[in-house]
Amino acid sequence: MLYLILAVISSVTIGHLLNFYKRRERKVPILQIFLGNYFVASLVSFYFAYPLETKPNLLDLGLGFIFGTLFLVNFLIFQENIFKNGMSMSVSVMRLSLVIPVVLSIIFFNESLPIVNYIGVFIVIVAFVFMGKSGGVKSIWWILLLFFTTGVTESGMKLFDEIATSSNNQMLFYLFSFAFFVNLALIIYKKQSLKWKYIAEGLVLGIPNQLTSFFFLKGLITVEAAVAYPFVSSNVVLLGFITDKLIWKSKFSKSQYIVFGLILIGVILLNIR
């Protein structure tokens, strides 16, 4: 269970680092920070994928490019949401987006799911209705955009399992490598001069980003997946909410507390298998 707790802490730390970078400097060159992050991700994923089990092919490289680009776009939307709607709300919505791969699994892969998952989907819808009326969300459109892009990105993991010919580790190497190069291309296109300060901050960001997956996979060795997934997802939402109040002094209305309660219940139900 210790590894799962560390996975929760690492996941929430990512949001706090992004919030810190954005608050310190509103026009921070976030692409340069992400460049450092994806450099770390590429190296670590290559370490776990080496030696490559499958020769590179067009299908796997294409999937890597598409979802690598989506990962970058999703990260950009996430950091903007943190600034606009708060850290805890942004983290919670990312967890709620699990509803998208769940629904896609039912439609395209004919998967049968327990009734609690359907209840979870319903609670997610109710949470979004309350969210729009709570008054605490500055931009519901940014929230919906984050929900959609995160859900589509997470669905990529399912596609990797279903149609990719390479191992998951190798696919992650493709994904993070393409995210790095697309990121670099955007920096060149914008004619930004690289500053090692921001790249170094990206390297720091890459540490908890990688540790989240590392600790979670370690935790799955000793804890059943049926327990691990709800535990991590619900506690990321809970810890994100608590630390947002303690660190950033965020204030929430009664209706927002209801929204967070619904999110917490929905996330737990969506992760039960």
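Pairing each residue of the range 161-173 that is in contact (Cβ under 8 Å) with a residue 12 or more places away in the chain and buried (at least 20 other Cβ atoms within 10 Å of the Cβ) with any residue that is part of a helix (DSSP H, G or I) and small (Gly, Ala, Ser), provided the two are 6+ apart or on different chains, yields C-beta distances under 6 Å for GLN170/ALA49; LEU172/SER45; PHE173/SER45; PHE173/ALA49. Within the range 161-185, the residues that satisfy the criterion of being under 18 Å from ALA41 (Cα atoms) and hydrophobic (A, V, I, L, M, F, W, C) are MET171, LEU172, PHE173, LEU175, PHE176, PHE178, ALA179, PHE180, PHE181, VAL182, LEU184, ALA185. With respect to the conditions (1) surrounded by 21 or more Cβ atoms within 10 Å (Cβ to Cβ); (2) closer than 21 Å to VAL126 by Cα; (3) without any contact (Cβ under 8 Å) to a residue 60 or more places away in the chain, TYR229 lacks only one, and its number is (2).
In the range 52-66, the count of residues that are crowded, with 16+ Cβ neighbours inside 10 Å, out of contact with any strand residue (DSSP E or B) (no Cβ under 8 Å at 6 or more places or on another chain), of a type in the set (D, E, K, R) and closer than 20 Å to SER213 by Cα is zero. You will find that of GLY120, GLY151, GLY135, the residue that is surrounded by fewer than 14 Cβ atoms within 10 Å (Cβ to Cβ) and modelled with pLDDT under 95 is GLY135 and no other.
Among the residues of the range 58-82, those that are among the polar types (S, T, N, Q) and either modelled with pLDDT under 95 or closer than 30 Å to SER250 by Cβ (or both) comprise ASN74, GLN79, ASN81.
So which of VAL124, VAL91, VAL116, VAL129 ends up being farther than 20 Å from GLY15 by Cα, touching a Gly at 6+ places or on another chain (Cβ under 8 Å) and either charged (D, E, K, R) or assigned to a helix (DSSP H, G or I) (or both)? Give the derivation first.
On the way: VAL91 fails: farther than 20 Å from GLY15 by Cα; VAL116 fails: touching a Gly at 6+ places or on another chain (Cβ under 8 Å); VAL129 fails: touching a Gly at 6+ places or on another chain (Cβ under 8 Å).
None of the others qualify; the one that does is VAL124.
In the range 184-214, of all residues being among the polar types (S, T, N, Q) and within 15 Å of LEU18 (Cβ to Cβ), the one that is surrounded by the most Cβ atoms within 10 Å (Cβ to Cβ) corresponds to ASN209.
I'm trying to understand the selection: among the residues of the range 232-273, which are assigned to a helix (DSSP H, G or I), over 17 Å from the mean Cα position of the chain (by Cα) and either farther than 21 Å from ILE125 by Cβ or aliphatic (A, V, I, L, M) (or both)? Across the range 232-273, the qualifying residues are ILE242, THR243, ASP244, LYS245, LEU246, ILE247, TRP248, ILE258, VAL259, LEU262, ILE265, LEU269.
Residues in the range 1-51 that are within 27 Å of LYS195 (Cα to Cα) and not in a helix (DSSP H, G or I): GLU25, ARG26, LYS27, VAL28, PRO29.
Of the numbered criteria (1) outside any loop (DSSP other than H, G, I, E, B); (2) modelled with pLDDT under 95, the one LYS55 fails is (1).
If you check PHE180 against the conditions, is it closer than 27 Å to GLN32 by Cβ, aromatic (Phe, Trp, Tyr), assigned to a helix (DSSP H, G or I) and touching a residue at least 40 places away in the same chain (Cβ under 8 Å)? Steps first, answer last, please.
Details: closer than 27 Å to GLN32 by Cβ: yes; aromatic (Phe, Trp, Tyr): yes; assigned to a helix (DSSP H, G or I): yes; touching a residue at least 40 places away in the same chain (Cβ under 8 Å): yes.
Considered against the rule, which asks whether it is closer than 27 Å to GLN32 by Cβ, aromatic (Phe, Trp, Tyr), assigned to a helix (DSSP H, G or I) and touching a residue at least 40 places away in the same chain (Cβ under 8 Å), PHE180 comes out as yes.
State whether the residues of the range 218-225 include one that is surrounded by 21 or more Cβ atoms within 10 Å (Cβ to Cβ), part of a helix (DSSP H, G or I) and touching a residue at least 12 places away in the same chain (Cβ under 8 Å). Yes, the conditions are met somewhere in the range 218-225.
Go through the residues of the range 87-98 one by one and say whether even a single one is touching a His at 6+ places or on another chain (Cβ under 8 Å) and in contact (Cβ under 8 Å) with a residue 12 or more places away in the chain. Among the residues of the range 87-98, at least one is touching a His at 6+ places or on another chain (Cβ under 8 Å) and in contact (Cβ under 8 Å) with a residue 12 or more places away in the chain, which makes the answer yes.
Quickly run through the range 94-113 and pick out the residues that are hydroxyl-bearing (Ser, Thr, Tyr) and part of a helix (DSSP H, G or I).
First pass over the range 94-113, keeping only residues hydroxyl-bearing (Ser, Thr, Tyr): 97, 105, 112.
Within the range 94-113, just SER105 meets the criteria.
The values are calculated or read from the model by the stated rules, or taken from the named source; none is laboratory data. Quick caveat: nothing in here was measured; it's all calculated off a predicted structure. A quick note on method: Cβ atoms are made from the backbone with ideal geometry, for glycine too, and the neighbour counts reach across all protein chains shown.
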